[in-house]
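The values are calculated or read from the model by the stated rules, or taken from the named source; none is laboratory data. Here the structure is a predicted model, which means the values were calculated and not measured. Cβ placement follows ideal geometry from the backbone for every residue including glycine, while neighbour counts extend to all protein chains displayed. What goes into the accessible areas is simple: the full protein's heavy atoms, side chains included, and nothing from ligands, DNA or RNA. Shrake-Rupley method; radii C 1.70, N 1.55, O 1.52, S 1.80 Å.
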Amino acid sequence: YNEVLDDLADVRTGSEFFSSATQTVTENLAVLSYRKGDFGNATDYVKQIVTSENDISLGKTARFRKVASRIVVINTELDRDYEIMSPYLSDYYADYDSCHNLLAARRNELLAGEKPSEADASDESQPYEEPAIYISDAEADDYRLAAVDYYIYITLTALDRDGETLELLEEMHDRAPDAFFFYISPLLKKYVVLAAAGEDGYADKALALCAESEKNNPEDAFPHYGRTQIYRVSGDYEAALAAADAGMEAAPDNYELKRQKAIVYMLQEKYDDALELLKDCFDNDGNITISEAETYALCGAAMGSDEVVEAVTELYSQYGLTLGDAVTAFMNGETTIEEIFLTGECDVA
């Protein structure tokens, strides 16, 4: 892959981008980067194609369309570049009602023991081709159904039908616990929000979910920053910091852990400590997430640091973005750090 990627990059260098040949080269660069696991470069190549105003861009190959769809899902999951990319990828995610109806039909077939044929799964006329292709590759029925449910979760969220998602995610958990990578992150977020709202039993559910995650993957940082969040919204800041520290021992380079620890410091008004962690996130070789950038800007605003806020706004200006509602409201004196991180969605983004 490395040799082919280098050769393709050399071919494209110096070429007129909006030619059919260079578009084909760029599509192949996106596909190969994705298969290599280099999602950052794959994302960049996808953006170069889908933001093209040339008519040639309408002739995207099926292979590229699959990668573009998967890149959106990956970036949604990682909260990385999603807001930047989503305006340009509406071709793949435009009709959420049709997407949801297709997925619901697939779900009913799977529950009835039916499997989509290879021809149906690869039919590009379907409004949401990626799940069908992904599902057809899955080996286990439970895994296949979990994949369908995950994409149903995405479409329900896009359709502002969030009230239907908790039951769906819990059903995924109960039916296919081994497919935890589909449901565990959004389900934890649900539990954290409900616990913060004072709903009984959800803090315990969140901690149990973290314990399951740790059992499935002891080296993963997820259970540690999950515990950090639930202890934080429960008001036990010392336990939250201890959970973050335990996670940082196991995964010292995990930036979400650093962000979660910084949030606790901000609630304790230890802004210098928080800023040190968040600056580390911000300087992470261009891989900062929206959540990290927003938290960094919020910390800077709380400290009265125009330099920090300007660093984030300058980064955003390159992509046509502006500071999020929570940070803007704080800067206007309309909300507090406590309200942002202990009520509602309990986060900046």
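Assorted remarks:
- Portion, in percent, of the accessible area of segment 282-349 that falls on carbon or sulfur, probe 1.4 Å: 44
- Cα gyration tensor shape of segment 273-339, rounded if a/c is under 1.5, else prolate or oblate by comparing a/b with b/c: oblate
- Rounded to the nearest 20, the Cβ-based charge dipole of segment 192-247 about its Cα centre (Lys and Arg +1, Asp and Glu -1) stands at 80 debye.
- Spin-label proximity, residue 331 to segment 277-303 - amide N less than 15 Å from point 7 Å beyond Cα toward beta carbon: 293-303
- Its Cα centre serving as origin, segment 230-298 has a Cβ charge dipole (Lys and Arg +1, Asp and Glu -1) of approximately 200 debye.
- C-alpha center-to-center spacing [segment 294-349, segment 252-287] in angstrom: 14
- Each principal axis of the Cα cloud of segment 221-349 was evaluated for its coordinate range; sorted largest first, these ranges are 36, 33, 23 Å.
- Relative contact order (percent, whole number), segment 227-285, Cα cutoff 8 Å, 6+ residue spacing: 26
- Karplus (6.51, -1.76, 1.60) ³J(HN,Hα), θ = phi - 60°, over segment 237-243, in Hz, Gly and Pro reported as x: 5, 5, 5, 5, 5, 5, 5
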